[in-house]
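Participant: Here it is, the structure in full.
What follows draws every value from the coordinates through simple rules; no lab data is involved. On a predicted model such as this, the values are computed, not experimentally measured, just so you know. All Cβ positions, glycine included, derive from the backbone under ideal geometry; neighbour counts span all protein chains shown.
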Amino acid sequence: MAADRHIAIAGGGVAGLTTALAIAGSGTRVTVCEQAGRFEEVGAGLQVSPNAWRVLQTLGIADRLLPRSVAPHAIRMRRGRDGRQIARVPLGEAAEARWGAPYRVVHRADLQAALVEAVEKTPAITLRTDTHITGFEAKPGGLGVRAEAGPPVACDGLIGADGLWSSIRAQITGEGPPVYSGKVAWRATIPEDAIPHGLDPLETGLWLGRDAHLVQYSVRAGRELNVVAIFADRWSEPGWSAPGDRETVIARFADWHPLARALVAAPQTWVKWALADRAPLKHWGHGPVTLAGDAAHPMLPFMAQGAAMGIEDGHVLGQCLSAGAEIEPAFRAYETRRMQRTARVQREARHNGEIYHLGSIAGRARDTALRLMPTDRLLQRFDWLYGWGRR
Ligand SMILES: Cc1cc2nc3c(=O)[nH]c(=O)nc-3n(C[C@H](O)[C@H](O)[C@H](O)COP(=O)(O)OP(=O)(O)OC[C@H]3O[C@@H](n4cnc5c(N)ncnc54)[C@H](O)[C@@H]3O)c2cc1C
């Protein structure tokens, strides 16, 4: 059975491509159906925590990414208004020693390029671009996956990795649109020569304020600085990259510390993304159909774990489908292994969003608690997350 089975994956994002690489290794033919005509440079930076980097190492992707990524020495948390340090979480060697793999930051396009390159070199994987999947139906002896144009894709199993607005999830659950958070992420990159003085490019910066926060870290081997500004906003259109008005973001941080103001003034262009998630699901699939990545467990970015969870999903699918396992029991075993962990990250991401954006007395209480926390305790809080998969 395993040698000639064919699995289709809807969506060629981080989750879909990682899953393709992980399951093709088990002797399965895979077709990845991606709606886009080409893989564009969507988004900007991605923090790849040790739990995800470890999977990329297993798949041979980490080596390709090493020269294009950065390992920050630490995360420095500061108060937005006056720049006062709240806490410094050591990463670098401390992260690698504690969690068994490095904590690195990459440009999303570099990760996607490394995954596409590996997929294209894997004979068992076919990558079909310009293929928008609209749903699936059971056929005698398998499945038909419907594409907007062209004939259905005949396969034995289907993995919906088609993101936040997944059509495969909609068919499985009958759910409506995702839940908008009332917060919008603004994203930009700053070229090396325009990085404001006073920022250590080898540190990830996290600036906290009432109803807003800023994150900055280096990507592309230090040649660019990635900046994310998140603040409350009623705008809620779907999509990755609506243009954002530079003056709006500058005005939003006008009463923050000069370095934070310099950070948001440096980029010439911004794109924005209305943040949405969904509550954890009780069932991810049925029969020979399952979900992975944001399609399965869309989350707010306040744990920096959405892509990491999709990468972990791919790895576990690879393990469950290996050694000739039948598709349906393998998919159910995969769901059982993934649901609790991803639901916890979804919940913690929502909670972190509230904690990050506290103001006045509650914000000061948060800062004091973090300031007083011993470094080991700061790190220990992430053991369950970043230590995943460590032998
Ligand atoms: C501001 C921000 C910061 C973030 N920072 C981090 C971070 O630091 N670390 C981290 O791990 N995560 C981070 N994330 C989360 C991460 O970006 C997502 O969780 C991740 O990209 C999800 O990957 P995916 O492959 O599941 O979905 P997507 O990236 O959405 O990919 C889905 C793919 O499917 C395609 N598709 C959609 N519908 C169809 C269809 N019907 N037919 C065919 N193809 C289809 C799409 O074109 C796309 O290529 C962040 C998110 C945001 C918004």
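Participant: Do you know which residues across segment 106-144 are within 22 Å of C320 (Cα to Cα) and in contact with a Pro (Cβ under 8 Å, 6 or more places away or on another chain)?
Facilitator: To start, the set of residues in segment 106-144 that are within 22 Å of C320 (Cα to Cα) comprises 115, 118-119, 122-126, 141-143.
Within segment 106-144, G142, L143 qualify.
Participant: Does R187 count as part of a helix (DSSP H, G or I) and within 11 Å of the ligand (Cβ to nearest atom)? If you could, list the steps in order and put the result at the bottom.
Facilitator: On the way: part of a helix (DSSP H, G or I): no; within 11 Å of the ligand (Cβ to nearest atom): yes.
No; evaluated as a whole, the condition is false for this residue.
Participant: Just one of E328, E348, E312, E354 is out of contact with any Asp or Glu (no Cβ under 7 Å at 6 or more places or on another chain), under 17 Å from V14 (Cα atoms) and either assigned to a helix (DSSP H, G or I) or without any contact (Cβ under 8 Å) to a residue 12 or more places away in the chain (or both); which is it? Talk me through it step by step, then tell me what you get.
Facilitator: On the way: E328 fails: under 17 Å from V14 (Cα atoms); E348 fails: under 17 Å from V14 (Cα atoms); E354 fails: under 17 Å from V14 (Cα atoms).
E312 is the lone residue from the list that is out of contact with any Asp or Glu (no Cβ under 7 Å at 6 or more places or on another chain), under 17 Å from V14 (Cα atoms) and either assigned to a helix (DSSP H, G or I) or without any contact (Cβ under 8 Å) to a residue 12 or more places away in the chain (or both).
Participant: Something else: What do you reckon, is G318 crowded, with 16+ Cβ neighbours inside 10 Å, under 22 Å from R5 (Cβ atoms), more than 11 Å from the ligand (Cβ to nearest atom) and not acidic (D, E)? So that I can check it myself, show each step before the final result.
Facilitator: Working: crowded, with 16+ Cβ neighbours inside 10 Å: yes; under 22 Å from R5 (Cβ atoms): yes; more than 11 Å from the ligand (Cβ to nearest atom): yes; not acidic (D, E): yes.
It is true that G318 is crowded, with 16+ Cβ neighbours inside 10 Å, under 22 Å from R5 (Cβ atoms), more than 11 Å from the ligand (Cβ to nearest atom) and not acidic (D, E).
Participant: Among the strands (runs of 3 or more DSSP E) confined wholly to segment 231-302, which include 1 or more residues that are away from the ligand (no atom under 13 Å from the Cβ) and surrounded by fewer than 21 Cβ atoms within 10 Å (Cβ to Cβ)? Walk me through it before giving the result.
Facilitator: Values: elements: 242-244, 270-277, 289-291.
Those strands (runs of 3 or more DSSP E) span 242-244.
Participant: Tally time: how many residues in segment 154-184 are under 21 Å from P243 (Cβ atoms), away from the ligand (no atom under 11 Å from the Cβ) and of a type outside the set (F, W, Y)?
Facilitator: Restricting attention to segment 154-184, the residues satisfying the condition of being under 21 Å from P243 (Cβ atoms) are 163-165, 180-184.
Filter again for away from the ligand (no atom under 11 Å from the Cβ), leaving 180, 182.
This time we only want the ones that are of a type outside the set (F, W, Y), so: 182.
Residues meeting the conditions: 1.
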